[in-house]
Amino acid sequence: MFMFRSRRRLPVILAVVTALVLVAVLAGCGTSGSTASSVPSQITIGTLYAQSGAFATASMGEYQGLQFWANQVNKNGGVLVKAYNKKIPVKIIAYNDNSDTATAGNLYNQLITQNKVNMLVADFGSVLTSVAVPIAKEHKVLLYDPTGTGASFFTPDNPYLVLTSLPSSGIWPTSLANFLLEKKIGKIAVVYASNDFDQSQAKTLKSILAGGGVTPVYYQAVPTSTKNYGVILSDIAAKKPDAVIEFGYDTNDIAFLQGIRNGGYKFNMVFTVFPGQQLALIDKAVGNAGVAYTYSYPTPPLFGYNNVNYGLGLNAFVKTYEAANNVKNVNFLNIAGYTAGLVIQKSLENAASLKAKDLRAAVNTFSGSMNTLDGAFKIDPATGAQEGELLPVAQFQPSGGTLKPVIVYPANLATGKAVYPAP
Amino acid sequence: MNLPGAQKGWSPDMLEFSLIAGILFGLFFALVGMGLNLVFGVMRIVNLAHGDFMMLGAFGAFWAYNLLGWNPLVTIPVQGLAFVLAGMALYYLLVPRLVALKDFEMISLVLFFGLSQTIEALAVLAFGNNPRSIFQPVFGQAPVHFLGRTFPVAWPVSAAVSLFFLILVYFYLYRTRAGYATRAVMASRDEASASGVNVDRISALTFGLGLLLASVAGMLSLFMLGSVSPDFGGNITITAFAVIVFGGLGDPVGTVLGGLLYGIGLMVMESYLSSWANILPYVLLLATLLVKPGGIMGKEVRHV
Amino acid sequence: MFRKPLDLGLVVLIPVLFALAPLAYNNQLLLFNAMVFLALAQGINIIYGFTGYLPFGYVGFFGAGAYGASLTVMFLHLPAPVAVLLGGLTALALGLVLSPLLRLSGVYFAIASLAASEAVYYVIANPGLVNITKGPYGVSLDRVYSPEFSYLVMAVIVGLVTAVVVYLKRSHLGLSLKAVRDDPLSSETAGIDVKRQRMLAWSWSALFAGLTGAVFAWQISVFYPGTVFDPSISIFAIVFTLFGGAGTVLGPILGTVVLYGVYNLIGITEPQYFQLIYGVLIMVLVLFLPEGIVSLLKRGGANVL
């Protein structure tokens, strides 16, 4: 507080400071927001994306998938909204959080309180979704969550959350564990990055293996920031395992596969998470030879579900998406963003009103009967957690200079046989 | 070994591997610290942007490899020269102004902190945020077998490059006239100035040399640390500082010793206590400053 | 202690303004975060403005407070306001543990404090301690989630930290601290207990960062260790303090209001330029305007508190 020589100015100065505070804070935000008339001119969907930071690559892919969905429906005049029994265009309001949770919190709040969006779509992954969960619950706005699979989000007392695309990470390794048991692979090494996405997978794997009487010969957490697995690989090799399973984020998987290649290690089976989602990225970083004969969870577009009854099928999606965005290499995250859009679309077609509770109730009505290119959409009606599709296991087998994902488990999806042990 | 996260089982095999890997990494960490320590020794400035210059060196090597197809070993001299010139320019731009100020050690620290933030932000805008790495086969395909253990070929190559530059620094300091003057400035700026040493020129040269070493260490980080992204600088600066404080501030020989001990300590921890290995540089730095602030063989830094 | 009515006015006015602001503008989390940075900037001000010791690792206390409060809620099942208090005390205790750092000279202190905050972060985030801290998997406090109540508590903390800075500015303690900052050797000979004074400023500073971190945890309720130990939190608070002017009451307030306002103005659309702006700002300020923008007001003839 600054005082000029005359004390009588004090009230003026206080007023100036007050105004300064308010102006700066208000200016910081701008105001928009749709007025609620009887029939809204558009359905507003708030979301965030990360243009930079740790999650940038994945987040942008997912955001582009959602945008693609919005453009598709708007071309046809919008989404059929049951509450008004007419087609209404959708509008995506999106801000950039740069992978920062504090910024993301401000922005989710901004979308709800200033832009007054009808619904939220979370940014990629558990970290950026975590801040949205309590905010959406507090403001009673339904949060559609494409990829934030953290188990702690899904509780029966939170009716404002729906996981749209991936099942929660805890059930991912089910097929993998059964594959290992069926193949009677007994010496298994598990290394995982310590975050809830990877830890939940490691735990599940360990417990299913225990059910089959198998205890890993090596079971170790490493920091998610690990970029060099040299020493860890040397230790793993000393245990002479048949299968080496690494759960990590994409950077971990790249470093791990590079470490195997550079150290000249040979294992009968190597499994990592992200080649199944971002094959092009991993392949570029590690090289064909580094990925060949390794295993992963394949996700569309590496394989397709052919019972699609809602939205585009895989081939149509790839073709339309590539033409619309002028890109090659559709990846799983584009599909995840698109699928979130489809779930929103179907909720609007079924909900009695735009209120979050009605939207959420509508989701329960079609859960289990909706099949998209991402597989069956089926959620736990109480928590909103996705349990639709068990992720299969695929091996990347070289064929004609490229890598072909061959699904090796479970039998009903299999497209080929595993080459085991890897040559 | 009761700490949570400790590896079960203790095999002498693993210890042997850790020791050898530790020496290879130790030479690399000595190089990481050396540039920082020379600058500190001559100017009493902690260059908080040291890690960011390493990051720039790594990106330089990455782009030279990807766009021009240059082997990183070829990039070293070309890029090194550019860094020496940039360092000298930066010196004349910033440092003489600083030295005149009253609280110059503190101000220069904050200034270089700002520089570090600026470089990182520019790198994000220019390169994006993805971590970058170079295929190790650039140094040859096969892993190296030594004493019955397998090492990625890039480790001994990086250690050899580090050793080469450490020896070069030794020759510069102890066998050349400029190096002799540099050591005189390190011992006492005033006395060196009084005995006719051009302190400004020596300082500028040292700053350039510091950046050169940073660029080489940054290039090697692509192989030793896995990959490099624009936010790489902060932590590696602290690691470098831990190494040189441990070895003794302003003491080049101590830095080599500090680097080696740090490298061995890190590898042993990665083998036996891997989830705690991250914490090593910070604890080492705190413990040294508080318990033996002169480092294992240095002088006092406390006051009041 | 408050010699001028203005002092008291300031201490009361700011929290009241913030408490009422949500009526005019309803992005309450943004207002809350503005208070968080205001409190942190004043906390930095207490230690840097009055002793010249700049803690790069100030966020360590913030994170310690957040975890102190969270563990209180999770294990002791105490009400949130008590947890906030214990969070503050956790940070204070950490401050006492780290007090030997004050023996170091300014440069080493700055870097050592950064190392200390990273060390605390890696301990808390360590998967080996998952049963105590939940390791890297994050904390959930949804049982006590209450954005309104925590917002008001934060406003009170802003008032308290402002009061402490006003007190320091007005009191003998503040004067002697500044004497120590400007010339430690001769102040010691003049009979000032340098160590004790520094210790006091350090403790206040740690306590407020801890309280702020604790309320932050309460407000957001779900967070990962990386969220509350993010080094950019320290950087923001340092920039706000330097920009406004350290060693004054008004400086950090102006710095936070202006820079955080601008941050959100531009930040909502183009946040990627912020690190660049702050980096350049630090360099320009330290070289050309080391006393911050309040020094411009001083030059303009105003009597700045």
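The values are calculated or read from the model by the stated rules, or taken from the named source; none is laboratory data. Everything quoted here is computed from the prediction, not taken from an experiment. Note: ideal-geometry Cβ built from the backbone for every residue, glycine included; neighbour counts use all protein chains shown. The protein model used for the area step is the full one, side chains on, heavy atoms only, and it has no ligands, DNA or RNA in it. Shrake-Rupley method; radii C 1.70, N 1.55, O 1.52, S 1.80 Å.
Side notes on the structure shown:
- Rounded percent of accessible protein surface that carbon and sulfur make up, chain A, 1.4 Å probe: 54
- Members of the stretch A:38-66 that become less accessible by 10 Å² or more once partner protein chains are added (1.4 angstrom probe, chain alone as reference): A:Q51, A:S52, A:G53, A:T57
- Chain A, relative contact order [Cα under 8 Å, separation at least 6], %: 17
- Couplings 3J(HN,Hα) for the stretch A:367-380, derived from phi with the Karplus relation 6.51 cos²θ - 1.76 cosθ + 1.60 (θ = phi - 60°), are 4, x, 10, 9, 10, 10, 5, 8, x, 5, 9, 8, 10, 5 Hz, where x marks Gly and Pro.
- As a rough guide to protection, the peptides A:102-111, B:233-242, A:383-392 ranked by mean Cβ packing within 10 Å, highest first, stand as A:102-111, B:233-242, A:383-392.
- Computed label-point distance, nm, for sites A:Q42 and B:D13 using a 7 Å Cα→Cβ extension: 6.4
- Subset of A:K206/A:K378; A:K86/A:K355; A:K183/A:K417; A:K184/A:K206; A:K328/A:K417; A:K82/A:K137 violating a 20 Å alpha-carbon distance limit: A:K206/A:K378; A:K328/A:K417; A:K82/A:K137
- For the stretch A:320-366 and the stretch B:16-54, distance of Cα centres in Å: 51
- Counting lysine pairs in chain C whose alpha carbons fall under 26 angstrom apart, excluding pairs fewer than 8 residues apart on the same chain, gives 8.
- In terms of the mean number of neighbouring beta-carbon atoms within 10 Å, the peptides C:58-70, C:33-45 order highest first as C:58-70, C:33-45.
- A 1.4 Å probe run over the protein chains yields, for the stretch B:27-233, 38 Å² of accessible area per residue, whole-number rounding.
- Residues of type aspartates and glutamates that A:K140 reaches as a straight line, Cα spacing below 16 Å, ignoring anything fewer than 8 places off in the same chain: A:D157, A:D358, C:D142, C:E148
- Peptide-level mean, for B:120-127, of C-beta atoms on other protein chains within 10 Å: 4
- Charge dipole (the stretch A:266-413, unit charges on Cβ, about Cα centre) - positive-most of A:V408, A:T272, A:G290: A:G290
- Considering only alpha-carbon pairs that sit under 8 angstrom and 6 or more positions apart, the relative contact order computed for chain B is 39 percent.
- Folded to 0 to 90 degrees: helix B:50-68 orientation relative to chain B principal axis, Cα: 60
- 3J(HN,Hα) from dihedral phi, the stretch B:159-165, Karplus parametrisation 6.51/-1.76/1.60, rounded to Hz, x for glycine, proline: 5, 5, 4, 4, 4, 4, 6
- Of interest is the spacing of the C-alpha centroids, which for the stretch B:185-212 and the stretch C:1-69 amounts to 45 Å.
- In chain C, Cα pairs under 8 Å separated by at least six residues give a relative contact order of 30 percent.
- Counting protein heavy atoms only, the stretch B:27-233 has 65 percent of its accessible area on carbon and sulfur, 1.4 angstrom probe.
- Interface residues of the stretch B:267-292, defined as a loss of at least 20 Å² in heavy-atom accessible area between the chain alone and the complex of all protein chains with a 1.4 Å probe, are B:E270, B:S271, B:S274, B:S275, B:W276, B:N278, B:I279, B:Y282, B:L285, B:L286, B:L289, B:L290.
- Rounded to the nearest 20 debye, the dipole magnitude of the stretch C:5-231 is 260 debye, with +1 charges on Lys and Arg beta carbons, -1 on Asp and Glu beta carbons, and the Cα centre as origin.
- Positive-pole candidate from C:A110, B:L284, B:V169, dipole of the protein assembly as shown, charges at beta carbon: C:A110
- Cα gyration tensor shape of the protein assembly as shown, rounded if a/c is under 1.5, else prolate or oblate by comparing a/b with b/c: oblate
- Relative packing of A:414-420, A:334-340, C:130-136, which averages over residues the other C-beta atoms within 10 Å, highest first: A:334-340, C:130-136, A:414-420
- The protein assembly as shown - charge dipole about Cα centre, Lys and Arg +1 at Cβ, Asp and Glu -1, debye rounded to 20: 1060
- Residues of chain A: accessible area per residue with a 1.4 Å probe, Å²: 36
- Computed from the C-beta positions of B:N198 and B:A82, the FRET efficiency with R₀ = 25 Å rounds to 0.60.
- Less than 5 angstrom separates the built amide H of B:L249 from those of B:K299, all sequence-distant by 5 or more or on a different chain.
- Interface size B-A, as summed buried accessible area [1.4 Å probe, Å², nearest 100]: 2200
- Shielding of peptide A:103-116 by partners, expressed as the average count of other chain Cβ atoms within 10 Å per residue Cβ, is 5.
- Interface area, C with A, accessible, probe 1.4 Å, both sides summed, Å² nearest 100: 4200
- For A:K203, the aspartates and glutamates whose Cα comes closer than 17 Å to its Cα, not counting residues fewer than 8 places off in the same chain, are A:E246.
- Shielding by partners, peptide C:125-137 (average Cβ within 10 angstrom, other chains): 6
- When the charge dipole of the protein assembly as shown is built from unit charges on Cβ atoms (+1 for Lys and Arg, -1 for Asp and Glu) and taken about the Cα centre, the candidate among C:V222, C:V36, B:Y65 whose Cα reaches farthest toward its positive end is C:V36.
- Database remark: amide H of A:G148 closer than 5 angstrom to the amide H of A:G125 (H placed geometrically; neighbours at sequence offset of 5 or more, or on other chains; Pro and chain starts carry no H).
- Charged-residue dipole, Cβ positions (Lys, Arg, Asp, Glu), chain B about Cα centre, Debye nearest 20: 360
- Listed by chain and number, the aspartates and glutamates whose C-alpha is less than 19 Å from the C-alpha of B:K102, apart from same-chain residues fewer than 8 away, are B:D190, B:D200, C:D182, C:D183, C:E291.
- Evaluating 6.51 cos²θ - 1.76 cosθ + 1.60 at θ = phi - 60° for every residue in the stretch B:16-22, the Karplus couplings come out as 4, 4, 4, 5, 5, 4, x Hz, glycine and proline recorded as x.
- For A:I379, residues with placed amide H under 5 Å, excluding near neighbours: A:G368, A:E387
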